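Notes follow the structure.
The values are calculated or read from the model by the stated rules, or taken from the named source; none is laboratory data. Fair warning: this is a prediction, and the values are worked out from it, not measured in the lab. A quick note on method: Cβ atoms are made from the backbone with ideal geometry, for glycine too, and the neighbour counts reach across all protein chains shown. Accessible surface areas use protein heavy atoms only, side chains included; no ligands, DNA or RNA. Shrake-Rupley method; radii C 1.70, N 1.55, O 1.52, S 1.80 Å.
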Amino acid sequence: MSMMRSIAARFAIATALAGIATVAFAQETILRSSDTHPAGYPTVAAVEYFGELVKERTDGRYAVEVYHSAQLGEEKDTIEQVRSGVIDLNRVSMAPFNGIVKETIVPALPYIFRSEAHMHAVMDGAVGDQIKAAFEPHGLVVLAYYDAGARSFYNSKKPIETVADMQGLKFRVIQSDIFVDMVAALGANATPMPYGEVYSAIETGVIDGAENNFPSYDTARHSEVATYYSLDEHTILPEVFVMSKAAWDKLTPEDQEIFQQAADESVVRQRELWAAKAEESRKTVEAAGAKINEVDKQGFIDAMGPVYDKHVTDPVLKKMVEDVKAVK
Ligand code: GTR
């Protein structure tokens, strides 16, 4: 190669490289994602995995930063921020949406699901699609439903074996009216409050206990201050991973497909991580002194009539409840 051609070639390569670097730099978009749970929790790990897939498959045009441990705020506040597009992504429980997207009431109803397998079949099917569609007019796009096992009551006073044992106890519930009414139907008192305030509220005796799954009971250290965990399993409440519609609408159809595919794959990962964590947390709290007991579950199921009567009046919801029951 002559000197001239070689210089020209080098110049062309350098220009091309500079061009690529500029393009890559200019187009990198960082999406912020919120989660109330600490690093390593199955939902946090699943969204991080989603982010890795997105980054790889968009050649680095998109990256996801997961702000765990409620760094961006408590769930109710972050929901508002993602709706207005201040936060791009959010992994939250389904229950705090009950007052916003009425269709989310159905999966939050006590004892609506017969098992985790039933919940999966429902959320992976037509009812799951119906709920997903219902989020959109509220500025949110559902990317995934994740597992959160079953929620049960725990408290600092005594084991709860029957509904009568609930009488007069004070519980923190997740922020949804359904949970307030469920506790009332069981003869106890409920205070909805942000997750981050529960530990000290139990410790100082403002409340006697709360309700959650084993991994939350363990990682939020509620097991230290409320040692009686009673397996009433009142709800198998799924988590939801949402994207701000404002951010979603900025994606090309091809990128939307990449995001959705990555979210679908993160569900598979999350379910595996969840199953392992649920088992591990149960062992951890037991080893640390938590006392776990079985409950007269039928008594709890039988007490739920008023909750259904009050919250399932809308014909759309009535039909959805029937559809859920019909899923095998
Ligand atoms: C957990 C759930 C969190 C949060 C928490 C709560 O099971 O994963 O997103 O909703 O419950 O009770 O506030």
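A few notes on this one:
- Hey, Val92 within 16 Å of the ligand (Cβ to nearest atom), open to solvent by less than 20 Å² (accessible area, probe 1.4 Å) and either more than 17 Å from the chain's Cα centre (by Cα) or outside the structural domain of Asp181 (by TED's automatic domain parsing) (or both) or not: yes
- Test: residue in segment 42-58 that is open to solvent by 40 Å² or more (accessible area, probe 1.4 Å), over 23 Å from Asp314 (Cβ atoms), free of Cβ contacts under 8 Å to residues at least 12 places away in the same chain and not in a helix (DSSP H, G or I): no
- Filter result for the condition that a residue is more than 15 Å from Arg269 (Cβ to Cβ), at pLDDT 95 or above and in a loop (DSSP other than H, G, I, E, B), over Ala39, Ala63: Ala39
- At least 2 residues being open to solvent by 30 Å² or more (accessible area, probe 1.4 Å) and farther than 18 Å from Phe113 by Cβ is the threshold, and among the helices (runs of 4 or more DSSP H) wholly inside segment 235-328 those reaching it are 245-249, 253-287, 305-311, 315-326.
- Answer from Gly196, Gly205 - the residue that is out of contact with any helix residue (DSSP H, G or I) (no Cβ under 9 Å at 6 or more places or on another chain), over 25 Å from Gly99 (Cα atoms) and surrounded by fewer than 20 Cβ atoms within 10 Å (Cβ to Cβ): Gly205
Listed here are the residues, each with its yes/no results for (1) within 17 Å of Ser93 (Cβ to Cβ); (2) surrounded by fewer than 18 Cβ atoms within 10 Å (Cβ to Cβ); (3) away from the ligand (no atom under 16 Å from the Cβ).
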{"residue": "Gln167", "(1), (2), (3)": "no, yes, yes"}
{"residue": "Ala185", "(1), (2), (3)": "no, no, yes"}
{"residue": "Ala188", "(1), (2), (3)": "no, no, yes"}
{"residue": "Ala201", "(1), (2), (3)": "no, no, no"}
{"residue": "Gly209", "(1), (2), (3)": "no, no, no"}
{"residue": "Asp218", "(1), (2), (3)": "yes, no, no"}
{"residue": "Glu224", "(1), (2), (3)": "no, yes, yes"}
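- All conditions but one from (1) in a helix (DSSP H, G or I); (2) within 15 Å of the ligand (Cβ to nearest atom) apply to Leu72; the one that does not is (1).
To keep it simple, each residue is scored yes or no on (1) assigned by TED's automatic domain parsing to the domain that holds Met193; (2) open to solvent by less than 20 Å² (accessible area, probe 1.4 Å); (3) modelled with pLDDT under 95; (4) of a type in the set (Phe, Trp, Tyr).
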residue	(1), (2), (3), (4)
Ala108	no, yes, no, no
Tyr111	no, no, no, yes
Arg114	no, no, no, no
Met119	no, yes, no, no
Ala126	no, no, no, no
Ile131	no, yes, no, no
Val141	no, yes, no, no
Ile160	yes, yes, no, no
Ile174	yes, yes, no, no
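- Selection from segment 63-87 of residues that are open to solvent by 60 Å² or more (accessible area, probe 1.4 Å) and among the charged types (D, E, K, R): Glu65, Lys76, Asp77, Glu80, Arg83
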